[in-house]
Structure formats: structure tokens, C-alpha cells
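Step one of this worksheet: look at the structure below.
None of the figures in this text is laboratory data; all of them are computed from the coordinates on show. These figures come from a predicted structure and were not determined experimentally. All Cβ positions, even for glycine, are placed from backbone atoms using ideal geometry, and neighbour counts span all protein chains on display.
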Amino acid sequence: MPAAFHNAARPSCSPARPRMDAAAADRVPSQVGYWLLLLAFMALPVLAQTPAAAETPDDPAAVAQAEYDAVMALTPDPENGRRVYLTCAVCHLPEAWGSTDGTYPQVAGQLRTVIIKQLADFRAGNRANPLMYPFSVPSILGGPQELADVAAYVAQLPMTPHNGLGPGTDLALGESLYQEHCVDCHGPEGEGDMREHIPALAGQHYAYLMRQFEQIASGERRNADSKMTEQIQGFTAAEQSAVLDYTSRLRPPAEKLAPDGWTNPDFPSFVRDAAGIRAKPPAPPK
Ligand code: HEC
Ligand code: HEC
């Protein structure tokens, strides 16, 4: 229940009620009865709806959790995931490497459970982003099966060997902060945690990490982990930059990295516009 509801002005003690005269007291029951009857009729349709409305979970976190559980129970089909990924490639690129300036995150090689949770969160409104939201809705992305499929496809893509890095000026400080505040959840190599759907951070673009960290610290990212929010309270701007610079330099395991100059053969005729305006990719071969 929203805090405002609890905080609604409630006088601590009510003033003594003035006495009514006998005639007025006589009129009260009939008037009260009339108004009660009228109210009951007006309330009927509302009352009839109440049980159904109460069963509908409209808490975004609960909706997202229910979808996460549904998706996790399915067997993913990465081949269909490739077809679904066509829409995503417009922004995340066919390699799913995003952009080094952090506008688009690298999603290639991210843990499958993390991709599922983030997509479920976006479409339930548990994580807000105006670019991502319209592409997460069922009419574009599809239902739980398509979500499972695209997550499986993205998770197995090799990662960029050249992600965006920080300035490299405070790496010793960054390492000690990481060891003290992050390692328990995100892992010694920034590998994340599949079971707990904690994101892998290794190889992610520094600018993207900076933006997410800020949104988590400020509470703007609704799905933030409350224990993480506690850990990062009081981080100065210099400490934030140092720890994320260090994090962006954590290397994913060699077998997860693509060779230099790799392009995704699943999208052979994807047009990359030199002017920076990305053309709509053609359909992948069937
Ligand atoms: C219009 C551009 C656009 C399209 C199309 C798009 N995305 Fe995104 N996506 C973004 C942006 C921007 C973000 C970062 C959001 C933020 O900053 O909070 C993002 C974030 C994500 C994340 C969260 C990554 C993380 O580590 O936090 C996942 C997963 C993701 N997208 C998957 C997909 C998939 C799968 C599709 C296709 C169904 C898709 N995206 C289509 C723009 C797009
Ligand atoms: C208590 C566990 C915990 C700790 C400690 C923690 N995190 Fe996180 N972090 C998470 C979880 C869980 C998420 C994903 C939340 C969600 O969206 O479900 C996350 C998300 C993130 C993200 C966004 C990643 C993405 O792809 O969207 C960044 C960046 C991040 N953490 C950095 C850090 C750094 C740096 C530290 C240490 C200073 C840290 N975290 C400490 C649990 C933790």
C-alpha cells in the first residue's frame, strides 16, 4: 500500500460532538437508511468486481516474477530465438555487442536467466526504458516461449573483445572497492550468478555500467537489488568511476570472446549505415 495512504491526515483526537435536539435525532435514521440503500445500489457493480480485481496481481515485480517462472519452465529453441532476435538487432546489432558509448548494452554472452529477468521486468514495467519497452511487449517480442528462445540465442553469442573501457586512472582503488563491495554477488571475475540471475559485468561497456549504477543508486531502476543499493550507498563519483572502470576491464573467459573482426553469420546481409543511421535488417535465411 502506498505510504501516502497511511500518512493521510488523521486527527489524533476527535473533538467532542455537539448534542442533537430530539426532532433532528428522529429524522436521522430515515435519512441514513435512504442514503445507505442508495449507496448499496451504487456499490453493487463495484462489489461484484472486487474479488476478481483482488486476484489480479498488478504489482509489476510480481507480474515479472510470474513470467520469469513460466519462461524458466520452458525448453528454449535458439533457432527460433535467432528469428526473434531480428528486431533486436536494429539496436543491439547482429552481434548483440551494443555500442561502446553505452547507449545500447552488450547483451551477447549475458547469463540466460539475467536476459529473461530483464525482459520480463521491462514488459511488466518493473524496469523502465522508453527504447526497450516497446520491443519487449508481447505483440512484438511474443509470449514466454519467444522470450525463452531469444534469451537462449543471445546468451550463446560470443562477446566483443573490444568493449568500452573507463579512463584507466584509478584501477587499484577500483579493484579494492570491487573486492569489498561487489565480489560476493557479481563474482571474482564479474561472471554474475546464473541461479540468482545476477548480471555478468565482465566485458560490459563502461558507459553502460555507469548509467545503470547511477539509476540503481538513485532508485530510478525499479528492479534494483536492495542489498546492492545498500552496498553502494555513499560511493563518491570518483569511487563509482574507479570501480566500474575496473569492472569493465574484467575479461570474460576466452571461450566466450569472439575473434577480432567477427561478424554474426546468422545475419549475412545486415546493412550497417556509415552515416550512423541503421537500416532495417533483412530477414535471416530460413
Ligand atoms: C530501439 C532500440 C532497442 C531494441 C529494438 C531492443 N533494445 Fe534491448 N535495450 C535497448 C536499450 C537502450 C537498453 C538499455 C536500457 C537502459 O539503459 O536501461 C536495452 C537493454 C536491454 C537488456 C538489458 C541488458 C542489461 O544488462 O541490463 C536486454 C536483456 C535487452 N535489451 C534485450 C533485447 C532484446 C532481446 C531485444 C529484442 C526483442 C531488444 N533488446 C530490442 C534498446 C533496444
Ligand atoms: C547483494 C548483491 C549485490 C551486490 C553486493 C552488488 N550487486 Fe550489482 N546487482 C545485483 C543484482 C541482483 C543486479 C540485477 C538487479 C536486477 O535487475 O534484477 C545487479 C545489477 C548491477 C548492475 C547493472 C548491470 C546490468 O547489466 O544491467 C551493475 C552495473 C552493478 N550491479 C554493479 C555493481 C557494483 C559495481 C557493485 C559493487 C560496488 C555491485 N553491483 C554490488 C546484486 C548485487
Could I get the Rg over Rh figure for region 51-186? Both from C-alpha atoms, Rh via Kirkwood, rounded to two places.
1.04
Near the amide H of Leu257, under 5 Å away, which other amide H atoms are found, from residues 5 or more places off or on another chain, if H is placed in the peptide plane?
Met159
Quick one: Ser218, Ser248, fewest Cβ neighbours within 10 Å first, how do they rank?
Ser218, Ser248
Protection proxy (average C-beta count within 10 Å per residue), highest first, orders 127-137, 111-121 as 111-121, 127-137
Quick one: if the Förster radius is 45 Å, what FRET efficiency do Trp262 and Lys227 give, using the C-beta to C-beta distance and rounding to 0.05?
0.75
Using mean Cβ contacts within 10 Å as the protection proxy, how do 205-215, 67-77, 220-230 order, highest first?
205-215, 67-77, 220-230
Based on alpha-carbon positions alone, could you give the equivalent ellipsoid semi-axes of region 163-252 from the gyration tensor, as √(5λ), descending, whole Å?
18, 15, 12
Taking 0.36 nm per residue of sequence separation and subtracting the Cα-Cα distance, how much length would be gained by fully extending the chain between Glu255 and Ser269, in nm to one decimal?
2.4 nm
Can you sort Val183, Val84, Val271 from fewest to most other Cβ atoms within 10 Å of each residue's own Cβ?
Val271, Val183, Val84
